[in-house]
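Below is one structure, written out as structure tokens; the observations come after it.
The values are calculated or read from the model by the stated rules, or taken from the named source; none is laboratory data. Owing to the predicted nature of the structure, the values given are computational and were not obtained by experimental measurement. For neighbour counting, all protein chains shown are included, and Cβ atoms are generated from backbone atoms with ideal geometry for every residue, glycine included.
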Amino acid sequence: MIIVKILFLLLFIYLAISIVWLLLIAIAGRFGKLRVYKVNPVKKRIAVIIPSYKEDAIITDTALKASQHNYPRDKFSVLVVADKLQAETVAQLRRIPVQVLEADVNMKSRSVNAAMHYLNENDFDIAVILDADNIMGNDCLEKINDAFVQGCQAMQCHRTAKNQQTSVALLDAISEEININLFRRGTAVIGVSAAPVGSGMAFSFPLLKQIFSVEHILNNPGEDREIDMQLMKQKVFMHFIDDAWVFDEKVANAGVFEKQRVRWLEAQINHIGRFSDADMKTAPRTTIYWVKYLQNFLLPRLLFIMLLGILFALVLAQWVFKFNILTPEPNWWLLIMIMYAAALALSVPGRFYSTATLKAVIQIPVLMLSMIKAILKIKTGRQEFIHTPKTYKP
């Protein structure tokens, strides 16, 4: 019994530290203020890079809309990296005002690397990465431009859902906004570099070329986490622009959700190990370093909810059946549960408090099952990209 109580105490300490941190950045994200970027008369030259792996259903629409973005036409260029696209799709792309680079690389990071070496470094100041399903909102490039004119070297746009047609897509859209508030807006407010999402990102052209030439990123399906580590090593702060919108397709069914979470879980596990690699020994031990390190140990949200649900059932059972197994007392467990719920509630935008969300909540057990199945499919050291197909066009 003593060993069980010690294990529960250790679990409580882990959860308490995690939840206090999450609540802190949730409050910062909800009530803090970030710099606002506007249209700037100085126009930097921007390369918009769109890696596309087997995304024949949507890439032509994405590329066309990117090419029509409201930024001076002579100041930006769109490049699609066509990896495993059908010949007909490539022909369609060549008929619209974008550049097309055909590649056979099977990895997003290698597609970006190929793009950075294909483009002339002297022709561009900024490189923007979009996914094949991403649509930029009005003035997105204008706000990115203003940020870089003001001295920014790396920034993350506000990626948000462009589809909520199913309960799973709606829940995924809410999850995206929670992550934005916690790990982009909230951390940036308190002076910790925002975490890259993987798309809707912008970098100075030489910096991105250097990052995507690093060996660790070229065989890494979790390139966003490696970007984060490389920026941290170089003491480059990643800014977050709250109103530079990039609309992203959310997963619409549990099957695709499971595949996506396998990829994310593997990336998280691999990057916990990355902190022990030889090249990371030279990383400056700043506050940002330790925050990034500890954030890798946070449980995915669904696992957090599942664990707290089990613990809540134990609290109720302990009260009803009058046994004593939890350490500390049940009230302390209830307190951290309330704090976690508050962190999530603060991070969900008001527009999602609706009857549609209430109806979608019944899908959470299904997604929990998908998460458990994803855990069982984890394969550390995987070097192939797990493709999650996108089909939604607004």
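Yes or no, residue by residue, for (1) in contact with a strand residue (DSSP E or B) (Cβ under 6 Å, 6 or more places away or on another chain); (2) surrounded by fewer than 16 Cβ atoms within 10 Å (Cβ to Cβ); (3) without any contact (Cβ under 8 Å) to a residue 60 or more places away in the chain:
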site: Trp21; (1), (2), (3): no, no, no
site: Phe31; (1), (2), (3): no, yes, yes
site: Lys44; (1), (2), (3): yes, no, no
site: Ala57; (1), (2), (3): no, yes, no
site: Thr62; (1), (2), (3): no, no, no
site: Tyr71; (1), (2), (3): no, no, no
site: Arg95; (1), (2), (3): no, yes, yes
site: Leu101; (1), (2), (3): yes, no, yes
site: Ser109; (1), (2), (3): no, no, no
Exercise. Name every residue in region 302-348 that is charged (D, E, K, R) and either in contact with a Phe, Trp or Tyr (Cβ under 9 Å, 6 or more places away or on another chain) or assigned to a helix (DSSP H, G or I) (or both), in order of residue number.
Key: none
Quiz item: Restricting the search to region 338-371, which residues are among the small types (Gly, Ala, Ser) and surrounded by 16 or more Cβ atoms within 10 Å (Cβ to Cβ)?
Solution: Ala343, Ser347, Ala360, Ser370
Quiz item: Looking at region 277-308, which of its residues are in contact (Cβ under 8 Å) with a residue 60 or more places away in the chain and farther than 23 Å from Ala374 by Cα?
Solution: Asp277, Asp279, Thr287, Ile288, Val291, Lys292
Quiz item: Among the residues of region 76-93, which ones are touching a residue at least 40 places away in the same chain (Cβ under 8 Å) and either more than 24 Å from Thr388 (Cα to Cα) or in contact with a Phe, Trp or Tyr (Cβ under 6 Å, 6 or more places away or on another chain) (or both)?
Solution: Phe76, Ser77
Quiz item: Right, Lys84: on the phi > 0 side of the Ramachandran plot and more than 22 Å from the chain's Cα centre (by Cα) or not?
Solution: yes
Quiz item: How many residues are at pLDDT 85 or above, assigned to a helix (DSSP H, G or I), surrounded by 17 or more Cβ atoms within 10 Å (Cβ to Cβ) and acidic (Asp, Glu) when one looks only at region 243-301?
Solution: 0
Quiz prompt | Unmet criterion (only one of (1) surrounded by 14 or more Cβ atoms within 10 Å (Cβ to Cβ); (2) more than 28 Å from the chain's Cα centre (by Cα)) for Asn331 | solution = (1)
Practice problem: Would you check which residues across region 59-87 are closer than 17 Å to Asp104 by Cβ and either out of contact with any helix residue (DSSP H, G or I) (no Cβ under 6 Å at 6 or more places or on another chain) or not in a strand (DSSP E or B) (or both) and list them? | Solution: Ile59, Lys84, Leu85, Gln86, Ala87
